[in-house]
1. With the cut-off at 1.5 for a/c, could you classify the stretch 24-111 from its C-alpha gyration tensor as rounded, prolate or oblate?
2. Sort R160, R174, R165 by accessible area with a 1.4 Å probe, largest first.
3. Could you sort H139, H98 by their accessible area in this structure, using a 1.4 Å probe and putting the largest first?
4. Using all C-alpha to C-alpha distances in the stretch 170-216, build P(r) with 5 Å bins and read off the rounded percent in each one.
5. Rank these residues by their accessible area, most exposed first, probe 1.4 Å: E186, E129, E156.
6. For the stretch 170-216, what % of the accessible area comes from carbon and sulfur atoms, probe 1.4 Å?
7. In percent, how large is the relative contact order of the stretch 170-216, given Cα pairs closer than 8 Å and 6 or more residues apart?
8. What do you get for Rg/Rh of the stretch 93-226 when both radii come from the Cα atoms and Rh is the Kirkwood radius?
Amino acid sequence: MRALCLLFAISASLCAQPGPRARQPIDPAAAARGKKTYLQYCINCHGSLAQGTEQGPDLVRSVVVLRDKLGSALGPALQKLPNHKTDLTQAQIVDLSHFLRDRVEYTAMNRHASRPPNVLTGNAAAGKEYFSAKCNECHSPTGDLAGIAGKFQPDELQQRLLFPRRKPIAVTVRALGAPPVSGTLERIDDFTVSLRDAGGEFHSWKRVAGVEVEIKDPLSRHHELLDEFTDADIHNLVAYLETLK
Ligand code: HEC
Ligand code: HEC
């Protein structure tokens with residue numbers, strides 16, 4: 001049984017022992033719901049990998065997250081942290097906890113040299129078909145993605161496909177009675193929005209009635225794709241991208 005637990009340490013919630021050091025088994029359905037909450041409320045600052053941006057720290061290495069069990073640390077932290085949502089339900093916090101735990105284990109697993117992610121199990125022809133249907137509008141195998149397989153190892157290629165690097169987000173704010181102001185999004189939450197215009201000047205608004213915010217995130221489609229991909233789609237796409245030497 002112990003050997004089995006070691007072998008299947010990644011997926012075997014069955015083997016979790018009680019006690020303070022027992023790992024929190026990940027419920028995949030809860031993690032999927034938590035991902036949605038994360039995409040809506042946390043990704044802007046903590047990033048698509050939950051590994052931080054200029055606006056917020058790395059949550060994968062956060063002690064709060066590492067100590068958390070089913071929201072035990074995360075819930076109280078969200079109440080205390082400045083500018084954080086305080087009105088998430090307990091169920092949403094538990095789901096977020098599953099999602100963040102999943103990110104922590106995923107990151108640990110992929111750092112582990114003896115456990116390379118097996119990303120080349122897909123079918124390149126199926127990946128090519130998927131690419132033509134869903135990716136062609138923005139990418140081209142002979143244009144921006146030409147030679148991409150030569151630039152990255154397969155596991156990094158998969159990371160980049162799932163979590164492309166952050167790009168500046170274009171935003172326009174229309175406040176009643178003032179000309180619209182456009183620029184690069186600095187920060188947005190339920191209460192304020194701020195941007196830096198082309199001249200480098202910083203602007204900030206309270207999000208009250210009459211203040212309209214229009215956002216164009218070049219990666220918004222990629223955030224949606226995270227919800228659409230099946231594991232097979234991802235493996236097929238990576239196998240296809242691997243042919244673009
Ligand atoms: C507007 C940007 C922003 C958003 C949105 C945001 N955070 Fe944060 N978060 C921060 C910043 C900045 C800190 C560091 C604050 C501090 O230490 O005082 C932080 C800290 C944290 C910490 C503590 C990390 C540690 O180890 O100290 C946790 C946990 C956390 N955030 C979770 C979340 C979750 C979950 C969400 C979504 C529900 C979220 N945050 C949304 C900016 C943000
Ligand atoms: C609506 C436009 C859009 C669609 C659709 C789209 N992407 Fe992207 N993708 C982007 C943008 C923007 C970037 C960031 C580009 C950059 O890093 O220069 C990106 C980045 C990437 C990267 C990382 C490239 C690098 O050099 O790091 C990969 C790989 C990728 N996309 C693959 C795909 C695949 C496969 C699909 C279809 C399943 C897809 N994308 C669909 C817009 C799109």
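The values are calculated or read from the model by the stated rules, or taken from the named source; none is laboratory data. The model shown is predicted, which means the values in this text are computed figures rather than measured ones. We work out accessible area using only protein heavy atoms, side chains counted, and drop any ligands, DNA or RNA first. Shrake-Rupley method; radii C 1.70, N 1.55, O 1.52, S 1.80 Å.
1. It is rounded, given that a/c, with a ≥ b ≥ c, falls under 1.5.
2. R165, R174, R160
3. So the residues, ranked largest to smallest area, are H139, H98.
4. 5, 24, 38, 24, 8, 1
5. Output order, biggest surface exposure first: E129, E156, E186.
6. 54 percent
7. Dividing the mean separation by the residue count of the stretch 170-216 yields 39 percent.
8. Radius of gyration relative to Kirkwood radius: 1.07.
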